[in-house]
Amino acid sequence: MAAWVVMIAFLLLTLFPFYWIVRTAFSTTNALYSDPNSLLPVEFTWGAFQRVLGLGTQEQAIAEGGSGASVNFWLYLRNSAVYAGAVTVGQVFFCSMAAYAFARLRWPGRNVVFGIFLGALLVPPIFTALPNFVLVKNLGLLNTLPGMILPTFLMAPFAIFFLRQFFLGISREIEESASLDGAGPWRTFFRIILPMSTAPVTTLAIITFIT
């Protein structure tokens, strides 16, 4: 019984920030300042959602305490979907091949290169923000979708490490059987290994899309 109480308390604690977001979205800006501690929406309104969908007026937004600035929601949504989708597809495709190379193929310097990738996991992303910005600027891709997508499109250390660990758990006998049937490394990877890795690949795709 005590375990259930702890789990329910933890669940409520986890969900409370999401509830607070919803509560804030249905309150007017003026009301939030006048009664910031209320657990229920203050002066309930659909104004924020109307503005996002382009149904509200500037006068209505100002009356409710907003700035009245226009919000091109559909443009922002499209850009986010294109960016997240492209990065997800790119990372899953290229990182899965790189992970298979680290897990199965024998080539000089493999462990050294993989160690460098693991070391990259220890580098906070903020440290690469400025070099990426300079690179994108020099390529003339500032304020463009390719400029946002390219720095993270091909490779991600976590994605390679995540998939490599799964590939190491696949029996080599399966690949040896495919090799005896005349399948090369590429065919083995795309026809056998990748279909067997649906669960981790899907998990990686979800994590990448969200982050």
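The values are calculated or read from the model by the stated rules, or taken from the named source; none is laboratory data. Source: prediction; values computed, not measured. Here the Cβ is made from the backbone with ideal geometry for all residues, glycine too, and neighbour counts use every protein chain on show.
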Query - Subset of region 195-209 [touching a residue at least 60 places away in the same chain (Cβ under 8 Å) and either of a type outside the set (A, V, I, L, M, F, W, C) or loosely packed, with under 11 Cβ neighbours inside 10 Å (or both)] - result: 197, 208
Query raised in the report: For region 173-184, what are the residues that are assigned to a helix (DSSP H, G or I) and in contact with a helix residue (DSSP H, G or I) (Cβ under 8 Å, 6 or more places away or on another chain)?
Result: 174, 175, 178, 179
Query raised in the report: Does at least one position in region 175-194 carry a residue that is assigned by TED's automatic domain parsing to the domain that holds residue 86, among the charged types (D, E, K, R), over 30 Å from residue 86 (Cβ atoms) and surrounded by fewer than 16 Cβ atoms within 10 Å (Cβ to Cβ)?
Result: yes
Requested in this report: Give the number of residues within region 121-156 that are touching a Ser or Thr at 6+ places or on another chain (Cβ under 9 Å) and among the small types (Gly, Ala, Ser).
Outcome: 1
Query raised in the report: Could you say whether any residue in region 98-105 is at pLDDT 90 or above, closer than 23 Å to residue 209 by Cβ and of a type in the set (Ser, Thr, Tyr)?
Result: yes
Requested in this report: Could you list all residues from region 9-57 that are exposed (fewer than 10 other Cβ atoms within 10 Å of the Cβ), in a helix (DSSP H, G or I) and of a type outside the set (A, V, I, L, M, F, W, C)?
Outcome: 14, 17
Query raised in the report: Can residue 170 be described as part of a loop (DSSP other than H, G, I, E, B) and closer than 23 Å to residue 198 by Cβ?
Result: yes
Query raised in the report: Taking residue 123 and the conditions (1) in a loop (DSSP other than H, G, I, E, B); (2) closer than 19 Å to residue 90 by Cα, which numbered condition does it fall short on, given that it satisfies the others?
Result: (2)
Report summary line: residue 152: passes all of (1) part of a helix (DSSP H, G or I); (2) at pLDDT 85 or above but (2)
Report summary line: Of the conditions (1) of a type in the set (S, T, N, Q); (2) surrounded by fewer than 14 Cβ atoms within 10 Å (Cβ to Cβ); (3) touching a helix residue (DSSP H, G or I) at 6+ places or on another chain (Cβ under 7 Å), the single one that residue 152 does not satisfy is (2)
**Report entry** Odd one out for residue 76, checked against (1) exposed (fewer than 14 other Cβ atoms within 10 Å of the Cβ); (2) in contact (Cβ under 8 Å) with a residue 12 or more places away in the chain
**Finding:** (2)
